[in-house]
Amino acid sequence: MAVEMSEKEENLPTAKREADTEAAMEMTRKRENLPAAFSVRNLSAWYGRRRPETQPQYILQNLSFDIPAGRSAGILGPNGSGKTTLLRALTGILPSEGEIRILGTPLSSMKRRDIACCCAVMSQFFPTGFAYTVRETVEMGRYARRQTGTASSDREAVDRSLEETGLQDLAGRPVTALSGGQLQRVFFARALAQETPILLLDEPTSSLDLRYQAELSRLLTRWMQGKTRLPDGRIIPNTLVCICHDLSLALDLSDDLLLIKGGALAAAGPKEKVLTGELLADLYGMDVPRYMLRTEKVWKDLLAREKKTKS
């Protein structure tokens, strides 16, 4: 639900409004005594059924961090650092050791349906072996809710997700006939239809054009302002966990950052506290701020020319 601002609030500097909003959410979390969306201690994870015999065979090694409910966390790191592995371990898709708690409950004691009621995952890999329609694919997101929901609530959730992602006109089309960008929107719509307080997204804009990247960013920002009721009656502030190679998008969407390097946690915490040029240089092996600013002059010149033409 969007938060309406008074005229006085609208005139406040953006940084001040953001600080006030963050402080208000922190007070709400304390007042409601909410557990963290994820509380992770000494997490190590691997691929395969057997526990690795040597430390280098672990993809993730001894990660500890918290992601508070109602916050958005961006996971950054170079290719092969373990970002996707972390996303999969957090929901029990991959075997791991250590402790993971989801909204205060140990992951090890949760059934798959329980996890699916708390967390929706959108992977960067899209299985499309069967020609389900767009609507049928989005409806699959309602599986975990069917024991507590109704047919009408399922339809409403699916219709709302299709509308929010701009897929109404494609609802009857087979997913095998879609472009990569359209398919990505379908799987994001399925995650929304799942109606969970936690969204975990792996490169959500990788196949989207600029227009849909901007729309997805707006949709996620609006979704982050809401809350979700769990089947047990608890109302939880929405929490976003997102892997992004696009640093601008990551910084725009994230309150907190988890920086991963070589399967280990390089830094974690509020973005304004953990992000430094030195840390980014260590993470990516390059001068990241200078690289990100390389095209700034091009866009400034373009805007200046257009302004001069119109005047």
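Structural remarks
- In the range 143-159, the residue that is surrounded by the most Cβ atoms within 10 Å (Cβ to Cβ) out of those that are closer than 17 Å to residue 228 by Cα and modelled with pLDDT of 90 or more is 158.
- Tally, over the range 76-95, of residues that are farther than 13 Å from residue 43 by Cβ, crowded, with 17+ Cβ neighbours inside 10 Å and of a type outside the set (D, E, K, R): 4
- Residues being out of contact with any Gly (no Cβ under 7 Å at 6 or more places or on another chain) and in a loop (DSSP other than H, G, I, E, B) - total across the range 195-223: 7
- Checked against (1) assigned to a loop (DSSP other than H, G, I, E, B); (2) buried (at least 22 other Cβ atoms within 10 Å of the Cβ), residue 187 passes all but a single condition, namely (1).
- Per the listing 285, 277, the residue uniquely within 28 Å of residue 64 (Cα to Cα), surrounded by fewer than 11 Cβ atoms within 10 Å (Cβ to Cβ) and either over 25 Å from the mean Cα position of the chain (by Cα) or without any contact (Cβ under 8 Å) to a residue 60 or more places away in the chain (or both) is 285.
- Residues that are exposed (fewer than 15 other Cβ atoms within 10 Å of the Cβ) and either aromatic (Phe, Trp, Tyr) or assigned to a strand (DSSP E or B) (or both), drawn from the range 49-68: 64
- If only residues of the range 96-122 that are outside any strand (DSSP E or B) and within 18 Å of the chain's Cα centre (by Cα) are counted, the one that is surrounded by the most Cβ atoms within 10 Å (Cβ to Cβ) is 118.
- Condition met for residue 192 (at negative phi, without any contact (Cβ under 8 Å) to a residue 60 or more places away in the chain and not in a strand (DSSP E or B)): no
- Check on residue 162, crowded, with 17+ Cβ neighbours inside 10 Å and in contact (Cβ under 8 Å) with a residue 40 or more places away in the chain: no
- Flag if residue 180 is on the phi < 0 side of the Ramachandran plot and surrounded by 21 or more Cβ atoms within 10 Å (Cβ to Cβ): no
- Restricted to the range 240-311, the set of helices (runs of 4 or more DSSP H) holding at least 3 residues that are of a type in the set (A, V, I, L, M, F, W, C) comprises 247-253, 277-284, 296-310.
The values are calculated or read from the model by the stated rules, or taken from the named source; none is laboratory data. Because the structure is a prediction, the values reported are computed rather than measured. Backbone-built Cβ (ideal geometry, glycine too); neighbour counts: all protein chains shown.
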